[in-house]
Structure formats: structure tokens, C-alpha cells
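Coordinate-derived values only; no laboratory data. Predicted, not measured: the structure shown is a model, and the values here were computed from it. Because the Cβ atoms are built from the backbone with ideal geometry, glycine has one as well, and the counts that use them run over all protein chains shown.
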Amino acid sequence: MTKKERVRLVIEALNSEYGTEMITYLHYETPWQLLFATILSAQCTDARVNMVTKDLFRKYRSVEDFANADLPELEKDIYSTGFYKNKARNIKACAAVLLERYGGEVPRDIEELTALPGVGRKTANVVRGNCFNDPSIVVDTHVKRVSKLLGLTRETDPVKVEYDLMKVLPKEQWILYNVQVIAVGRTWCISGRPKCSECILRDCCASAV
């Protein structure tokens, strides 16, 4: 099976199972809420982040509120997401930059996004894909692991994986692929205990056993 054929079969299986509706697992109403929620999601489950932001976004209702937040208090508010000191510091600093440079709005450009405190390519691509509908590939632990097992990349560095996937996946699938593969990683392609015989991608996976 060529890589092109494999990609076609992967996309057909994913779209058949999950559809093509754009969704995100993080709850948000504005681009800055998604930006801060994604920062919180590092080394934390989306479910936990959603529990935290439910109250957090009621308490801090604007970018200004986060920029002016008392740091120890913000740390306490997000404590359960882990790495709370770094996350609180980055969110507060990020909010300040958004106010100073962008009038409180979240920029669309990848370079401007990744220049914000606490924002890497993963976070930037989440925002670009979901808020601005810009074709983007988000490489988290599930996407990196499953894509390598599928045979779509040999890389382990997230940025290199991102560029490999950009080469083989059609642009209209970039945003969808992340959401769909996360579901695969949580349901069948579980790290250390994959359920290959049950997986929807078993017929097109280079590593299926």
C-alpha cells in the first residue's frame, strides 16, 4: 500500500466514523477563552480544564481581568490543572500582551500567536483552526503517536510531525484530523494497550497487529 492510498483510506475511515463537523473538546465562547483554556490543557485532561474554566471565565470575564489578576489568586483558581504557577504567570503575561499590542484581540497570524507568552505551535494551531478556520494541524500526544503508528510520519518531534502531516493530508482535513485522531487514541489506539482488532483504522494502519 502506498502512502497516498493509506492516507485516502485513513481519511475515509475517520470521516465515516466521526463525520466532518468541526468540534473542539475545550469549552469556550471567545478566541481569548480558547487561547487560555488551551494553555491550561498542557499536561491536563480537557475534562479537567472544562471544569476549571466553567468558574474561571465567570470570575475573569475579559482579557483585562486576567491581565490585572492577582497572581497568587489566579494560581489558586487553576491549581487543579497542574503546573499552575507557570500557567498562571503565562496567562497573565499573555493577557497583558494582548492588551498592549492587539487591543485585547487574539491575533490570527501564527508568528504573532507563538510570540505570546506560553503559546507554542500546538496552542496557536488550536486557536487558528477553531476560531479563524485557518487550515492547521495540531500535534498533541495522541496525534503524534497514532500518526507514527499509521505510517504517516517517522518523526517524534511535534513540529516535524506537523510538517509531515501537512505534506500528506489535504488541507480540508487538517483541522478535522486532530479531533478525529484524538478520539481514536482515546478509544482504540491507547498508549501501551492498543485494541488493534477493534480499531476503525486496522485495515490501513502500518502497525496493526
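The count of lysine pairs in region 41-152 with alpha-carbon distances below 23 Å, taking only pairs 8 or more places apart or on different chains, stands at 17. Full extension of the segment from Lys76 to Lys54, taken as 0.36 nm per residue of separation minus the current Cα-Cα distance, would add 6.4 nm. What residues of region 121-139 lie in the reach of a label at Tyr25, counting those whose backbone N is under 20 Å from a point 7 Å from the Cα along Cα→Cβ? Label zone hits: 121-131, 136-139. The label point for Thr2 and the one for Arg101, both projected 7 Å from the Cα toward the Cβ, are 4.3 nm apart.
Scoring 197-208, 138-149 by mean Cβ neighbours within 10 Å over their residues and listing the highest first yields 138-149, 197-208.
When each of the peptides 80-93, 97-110 is scored by how many other beta carbons lie within 10 Å of its residues on average, the order from highest to lowest is 80-93, 97-110. The smallest convex shape that holds all Cα atoms of the chain, its convex hull, gives 115 Å³ per residue.
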